[in-house]
Structures are given as structure tokens and as C-alpha cells.
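The values are calculated or read from the model by the stated rules, or taken from the named source; none is laboratory data. The structure displayed is predicted, hence computed values, not measured ones. Glycine also receives a Cβ, built like all others from the backbone with ideal geometry; neighbour counts cover every protein chain displayed.
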Amino acid sequence: MKKETPRRNSPRPRKPLLRFTPYAWAKLQWFCHRGETEIGGFGVSAVDDLLLLEDFVTVKQDVTCVSVKFDDEAVADFFDQQVDLGRKPQQFARIWLHTHPGNCPNPSGTDEETFARVFGSCDWAVMFIVAEEGATYARLRFNVGPGGECVVPVGIDCARGFPASDHEAWESEYQTNIHPDFMGFGCHDSVPSRSDLPAVDGSAWRDDGATSATTSGGGASGGDPFDVDPPHWWDEPELMAMVDDPDFYDAFEDESEVLP
């Protein structure tokens, strides 16, 4: 009679948690409340913990209370600057952050279409939205192996050191990058739904490696937040080992405060 091999009880991986350092969260909240419009940007991750955001970085953009349109060259310049700083695309081109005025953080139809198309060829990506009144939404998507996605909780991680708030620098960044354009209506006027907004034109990544990106957080029939295909250097041949690494899921820390 064949003896059965006893099963080992493997610890079940914990659900991923998207965390912000207090500095990154304070900066995002400052931009969220600085004006009456949406604002978009990129999360910059810690080199050893890709779901820990150490900074929120904006690029030049035209914004309204229902849309964001990134400047073509500004996106390319941001990517080049990050590469020059020694960062890999996983640290600065995987987590897309933007704000919504009001109390609803749920993604629009255009948000969904953009997340699927622009980040669909990346091994993994996160879409994060914070509403002005504090509610958050974050979804992690894997495009490797069988693929999959899940809504993840959001927290503030105080376990590592972080710089102090710098309102003067943030104001300078706001004045440089954020350009309100209300398209004939104000945020306190009667605003058409996102799906009623006019389309925003955009162009794609060019064969010579230069970039051109148009972004919008607007409606399902409007332009989407990038309207681009990833540049060649973004499409790395190696796949992240996060899916198979238990440490990736060990995200909950005593010092982390989970947000609603």
C-alpha cells in the first residue's frame, strides 16, 4: 500500500496593498485640493518595493473638472529624466494616478479603456484614483501568465523615512504644469457627463522613439489619458517575478494605515 505524502501547509499570500509614504500622500492631496479640476500624474515607486509610492509627479497638462490632457513632449521628458536618474520603467511608468473632483473615485469609461490599452502590454500596472472628498480606488492588473486583476486597498506607510512637505515647491510645480481650461464652462456650472464631452485628439509613439501623448480623464467618448502605445524601451523582455514572490504580497505593516 502506497504511503501518502503529508501535505505542507503553505501560508496563503496576503492581498497586495498600495501604499504611499506620508510625503507622497501629502503631495497628492495638496494637488487634489489646490484647484477645482482633475489632475493626473505618475507614481514613483521604491526600488525594492514597487507598491510603495515615494512621490507623485505631474507633467504639463491642460485640465478641467472632468478631463486631463497631458502635453506630448512633457511625458517624453519625464520618462527620459527618470531613466537618467537610474530608475527602471517599473518604478515610474506602471502606476497611473489621477484625481476626481467631488466624492466619486470610480473610473470612467475612458479610464477603463485607457488602462486596458495603454498598460495592457506591460507585465503589471495599477490605476489609482482619489476623489476630492477622500474616497480612493485602486486596481492592480497582471498581464503575464494567466493574467488577472483585483481591487486593492490603499494605505499610508510610515515605516520608512520621508522628507517634509514642501508647499513652495509643489506650488511651483502646479504653476508650471497645471493649466486649467474649462472649455466654456466652470466646475460649479452645469457640466455635461463624461460621455458627452467632445473627443480629444492625440498621436502615438513614433518609430524614432520620440513620444507624443494626449491624455484625458474625460468621458467614454472623449480622448483617453494617453492615447499612445508604449515606447520600445518600455517593453522589457524580462517579466517581473512579483506574481510568484510571496514577499510581494507581504504588504501589510503595523505602521500602515489603510484608507477608505
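Descriptive notes on the structure:
- Scanning the stretch 43-94 for residues that are part of a loop (DSSP other than H, G, I, E, B), within 12 Å of the chain's Cα centre (by Cα) and more than 17 Å from Lys27 (Cα to Cα) yields Ala93, Arg94.
- Residue match in the stretch 84-92 (condition: among the hydrophobic types (A, V, I, L, M, F, W, C) and within 25 Å of Ala169 (Cβ to Cβ)): yes
- Residue satisfying condition, being among the aliphatic types (A, V, I, L, M), more than 26 Å from Val154 (Cα to Cα), at pLDDT 95 or above and in contact with a helix residue (DSSP H, G or I) (Cβ under 9 Å, 6 or more places away or on another chain), within set Val83, Val57: Val83
- Every test in (1) in contact (Cβ under 8 Å) with a residue 40 or more places away in the chain; (2) under 22 Å from Trp124 (Cα atoms); (3) charged (D, E, K, R) is passed by Arg34 save one, and that test is (2).
- Residue in the stretch 117-167 that is surrounded by the most Cβ atoms within 10 Å (Cβ to Cβ), counting only those that are among the β-branched types (Val, Ile, Thr) and closer than 20 Å to Asp55 by Cβ: Val130
- The listed residues are Asp48, Asp71, Asp62, and the only one of them that is charged (D, E, K, R), surrounded by fewer than 23 Cβ atoms within 10 Å (Cβ to Cβ), within 17 Å of Leu18 (Cβ to Cβ) and at pLDDT below 95 turns out to be Asp48.
- Unmet criterion (only one of (1) modelled with pLDDT under 95; (2) within 13 Å of the chain's Cα centre (by Cα); (3) more than 19 Å from Val151 (Cβ to Cβ)) for Glu112: (3)
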